[in-house]
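Trainee: Below you'll find the structure I mean.
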Amino acid sequence: MRHKRSDFPEGFLFGAATSSYQIEGQSFGGAGRTHWDDFAETPGNVVRGETGARACDHYHRYAEDLDLVAAAGLDAYRFSINWARVLPEGRGPVNAEGLDFYDRLIDAMLERGLKPCATLYHWEMPSALADLGGWRNRDVAQWFGDFTELVMGRLGDRMFSVAPINEPWCVAWLSHFEGHHAPGLRDIRATARAMHHVMLAHGTAIQRMRALGMGNLGGVFNLEWASPADDSPEAQQAAARYDAIYNRWFMGGAFKGAYPALALEGLEPHMPAGWQDDFGTITAPLDWCGINYYTRKVLAPAPGPWPHVQPVEGPLPKTFMDWEIYPDGLHAFLTRTAREYTGDLPLYVTENGLASQDELHGETVDDPWRTEFLDAHLDACRRAMAEGVPLKGYMIWSLLDNYEWALGYEKRFGLVHVDFDTLERKPKTSYHALSKALKG
Ligand code: PNW
């Protein structure tokens, strides 16, 4: 790597991120079903119909995985707590084995000197609650609040940081408008409800954790830079609308107590009654803001129904996800977020990384593109910090190759290669490069 730890301020946090459904193995330890099991088992939704039933078997191999985090010289581990593992029906009876698992997992982090950074919802909606409407049902905010209180009542004293919900855009828009993630809906009314209820659930969970006396609470938002396809006012407008739906809805909700007009123009007629009265909860004060950044989209106007915007092929080199590599977008988001939304609030990059087709040569897994990608994005971070942005840490998605949702096990984001037949872990060359940089 071009970077080393000493290029960053004292105390800057380096971490690796994962999520429960993508690595643990949903079939182990008495976990309940989630809407991802239902979605993945429905033909046509996921490549080869793959599910997270076994995934990386992290449920049984977590000690080995945390050894890898620690041996890399990383400071923090971002993980998620699986709602259906703790509450198989989403509410009611607790699966003690599930709660015990997270208890052991967190102690294992602390034993290795790693800071536990938890997410409470990385998309494991229990099927029993999905059947009641999931994110479309306003009650989801209280169900999620109750789950949060239960889990943090047991584990809250050992957390470094907590965020309620990973990537509200994916939870709401990608899953209810585009239909690419569970529950796989393509329905504007469901979308408007999910867009609002996900923010209400976020604020409710923050309030419940404050009531327990917890601190260092944040939000994790995925941001995607929106570039107009050309200079025409129509393309500029299309990009601005995309930006409003994808980015500004959630940032505006959490930090300004308002949704952007360009998104409301299509969603307002479908919003649940009384939505304007919920901002007192939605803007519950946060201690930090997390940004997950991967790429940008190039956008053109589109005929047909609102939002009249479509992504078009961009000119930049792409990752194995077909996502353009655009580190300038990370710099732009860090500066814009601080300037327009968060001011002096600490920012973290909570996910950044790429899927690649890595090359196996015996014991070596070669992924020079990952090292290059991380360096380019660390450059973007340093530029933003030099301009005064209070960025406090950077986390890589992901520690392990894992279940990449609708794309199954083919898209590999890990610093560590996983053989999905033997489940053997092999650190890639990027892992070794990072480890050297962090120790140097
Ligand atoms: C994030 N999109 O998801 C998630 O937090 C991870 O669980 C996931 O593995 C990672 O990024 C890589 O995909 C996203 O379609 C999934 O724009 C899809 C999109 C964005 C983020």
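Trainee: For the stretch 383-429: of the residues being of a type in the set (Ser, Thr, Tyr) and within 16 Å of the ligand (Cβ to nearest atom), which is farthest from residue 361 (Cα to Cα)?
Mentor: To start, the set of residues in the stretch 383-429 that are of a type in the set (Ser, Thr, Tyr) comprises 394, 398, 403, 409, 422, 429.
Then keep just the ones that are within 16 Å of the ligand (Cβ to nearest atom); that gives 394, 398, 403, 409.
Values: 394: 30, 398: 22, 403: 23, 409: 20 Å.
Residue satisfying both the conditions and the ranking: 394.
Trainee: Just one of the numbered conditions (1) open to solvent by 20 Å² or more (accessible area, probe 1.4 Å); (2) away from the ligand (no atom under 16 Å from the Cβ); (3) outside any helix (DSSP H, G or I) is not true of residue 236; which one?
Mentor: Of the numbered conditions (1) open to solvent by 20 Å² or more (accessible area, probe 1.4 Å); (2) away from the ligand (no atom under 16 Å from the Cβ); (3) outside any helix (DSSP H, G or I), the odd one out for residue 236 is (3).
Conditions tested, residue by residue: (1) farther than 21 Å from residue 299 by Cα; (2) assigned to a helix (DSSP H, G or I).
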| site | (1), (2) |
| --- | --- |
| 249 | no, yes |
| 258 | yes, no |
| 264 | no, yes |
| 281 | yes, yes |
| 285 | yes, no |
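Trainee: While we're looking at this one, here's another question. Identify all residues within the stretch 240-262 that are touching a residue at least 60 places away in the same chain (Cβ under 8 Å) and within 16 Å of residue 305 (Cα to Cα); write none if there are none.
Mentor: Across the stretch 240-262, the qualifying residues are 241, 242, 245.
Trainee: Taking the condition open to solvent by 20 Å² or more (accessible area, probe 1.4 Å), of a type outside the set (Ser, Thr, Tyr) and out of contact with any strand residue (DSSP E or B) (no Cβ under 9 Å at 6 or more places or on another chain), does residue 200 pass? Can you show your working first?
Mentor: Working: open to solvent by 20 Å² or more (accessible area, probe 1.4 Å): no; of a type outside the set (Ser, Thr, Tyr): yes; out of contact with any strand residue (DSSP E or B) (no Cβ under 9 Å at 6 or more places or on another chain): yes.
So residue 200 does not fit the description; no.
Trainee: Check residue 399 against each of (1) closer than 24 Å to residue 70 by Cβ; (2) over 23 Å from the mean Cα position of the chain (by Cα) and name the one condition it does not meet.
Mentor: (2)
Trainee: Of all residues in the stretch 16-39, which are surrounded by 24 or more Cβ atoms within 10 Å (Cβ to Cβ), touching a strand residue (DSSP E or B) at 6+ places or on another chain (Cβ under 7 Å) and not aliphatic (A, V, I, L, M)?
Mentor: 18, 19, 20, 21, 26, 34
Trainee: Here's another thing I want to ask about it. Quick test for you: out of 53, 84, 71, pick the one residue that is buried (at least 18 other Cβ atoms within 10 Å of the Cβ) and either at pLDDT 95 or above or charged (D, E, K, R) (or both). Walk me through how you get there before you give the answer.
Mentor: Details: 53 fails: buried (at least 18 other Cβ atoms within 10 Å of the Cβ); 71 fails: buried (at least 18 other Cβ atoms within 10 Å of the Cβ).
84 is the lone residue from the list that is buried (at least 18 other Cβ atoms within 10 Å of the Cβ) and either at pLDDT 95 or above or charged (D, E, K, R) (or both).
Trainee: Related question: Which of (1) under 24 Å from residue 318 (Cα atoms); (2) open to solvent by less than 50 Å² (accessible area, probe 1.4 Å); (3) within 16 Å of the ligand (Cβ to nearest atom) is the odd one out, the single condition residue 380 does not satisfy?
Mentor: (3)
Trainee: Exactly one condition in (1) in contact (Cβ under 8 Å) with a residue 60 or more places away in the chain; (2) within 19 Å of residue 250 (Cα to Cα); (3) within 20 Å of the chain's Cα centre (by Cα); (4) open to solvent by 10 Å² or more (accessible area, probe 1.4 Å) is false for residue 189; which is it?
Mentor: (3)
Trainee: If you don't mind, there's one more thing I want to ask. Which of the residues belonging to the stretch 119-141 are closer than 16 Å to residue 272 by Cα, open to solvent by 20 Å² or more (accessible area, probe 1.4 Å) and in contact (Cβ under 8 Å) with a residue 40 or more places away in the chain?
Mentor: Residues satisfying the conditions are 136, 137, 138.
Trainee: Moving on. Is one or more of the residues making up the stretch 1-8 in contact with a Pro (Cβ under 8 Å, 6 or more places away or on another chain) and surrounded by fewer than 24 Cβ atoms within 10 Å (Cβ to Cβ)?
Mentor: Just the residues of the stretch 1-8 that are in contact with a Pro (Cβ under 8 Å, 6 or more places away or on another chain), to begin with: none.
No - not one qualifying residue is present in the stretch 1-8.
Trainee: Do the conditions hold for residue 375, that is, is it surrounded by 15 or more Cβ atoms within 10 Å (Cβ to Cβ) and modelled with pLDDT under 95?
Mentor: Values: surrounded by 15 or more Cβ atoms within 10 Å (Cβ to Cβ): yes; modelled with pLDDT under 95: no.
No.
Trainee: For the stretch 139-188, which residues satisfy the criterion of being within 16 Å of the ligand (Cβ to nearest atom) and in a loop (DSSP other than H, G, I, E, B)?
Mentor: Within the stretch 139-188, 167, 177, 178, 179, 180, 181, 182, 183, 184, 185, 186 qualify.
Trainee: Right, something else. Within the group 39, 79, which residue is within 16 Å of the ligand (Cβ to nearest atom), in contact with a Cys (Cβ under 8 Å, 6 or more places away or on another chain) and either of a type in the set (Phe, Trp, Tyr) or not in a helix (DSSP H, G or I) (or both)?
Mentor: Result of the check over 39, 79: 79.
Trainee: Something else: In the set 414, 388, 353, which member is touching a residue at least 40 places away in the same chain (Cβ under 8 Å) and within 22 Å of the chain's Cα centre (by Cα)?
Mentor: Details: 414 fails: touching a residue at least 40 places away in the same chain (Cβ under 8 Å); 388 fails: within 22 Å of the chain's Cα centre (by Cα).
Among 414, 388, 353, only 353 is touching a residue at least 40 places away in the same chain (Cβ under 8 Å) and within 22 Å of the chain's Cα centre (by Cα).
Trainee: I would also like to ask the following. Any residue in the stretch 44-60 that is farther than 18 Å from residue 98 by Cβ sitting within a Cβ distance under 6 Å of a residue that is open to solvent by 30 Å² or more (accessible area, probe 1.4 Å)? List the pairs, counting only those 6 or more apart or interchain.
Mentor: Sorted first by the residue in the stretch 44-60, then by its partner, the pairs are 47/407; 50/409.
Trainee: Tell me whether the stretch 74-92 contains one or more residues that are more than 28 Å from residue 149 (Cα to Cα) and in contact (Cβ under 8 Å) with a residue 40 or more places away in the chain.
Mentor: Step one: of the stretch 74-92, the residues more than 28 Å from residue 149 (Cα to Cα) are 74.
Those left that are additionally in contact (Cβ under 8 Å) with a residue 40 or more places away in the chain: 74.
Within the stretch 74-92, one or more residues are more than 28 Å from residue 149 (Cα to Cα) and in contact (Cβ under 8 Å) with a residue 40 or more places away in the chain.
Trainee: Looking at the stretch 314-348, which of its residues are outside any loop (DSSP other than H, G, I, E, B), under 18 Å from residue 384 (Cβ atoms) and either among the charged types (D, E, K, R) or within 16 Å of the ligand (Cβ to nearest atom) (or both)? Write out each step before concluding.
Mentor: Step one: filter the stretch 314-348 for residues outside any loop (DSSP other than H, G, I, E, B), giving 318, 324, 327-342, 347-348.
If we keep only those that are under 18 Å from residue 384 (Cβ atoms) too, we end up with 327-342, 347-348.
Listed by number, the residues that qualify are 328, 329, 330, 333, 336, 339, 340, 348.
Trainee: Need the failing condition index for residue 351 against (1) within 16 Å of the ligand (Cβ to nearest atom); (2) charged (D, E, K, R); (3) surrounded by fewer than 17 Cβ atoms within 10 Å (Cβ to Cβ), just the number.
Mentor: (3)
The values are calculated or read from the model by the stated rules, or taken from the named source; none is laboratory data. Note that this is a predicted model, so its numbers are computed, not measured. Here the Cβ is made from the backbone with ideal geometry for all residues, glycine too, and neighbour counts use every protein chain on show. Quick note on the areas: whole protein, heavy atoms, side chains included, nothing else; ligands and nucleic acids left out. Shrake-Rupley method; radii C 1.70, N 1.55, O 1.52, S 1.80 Å.
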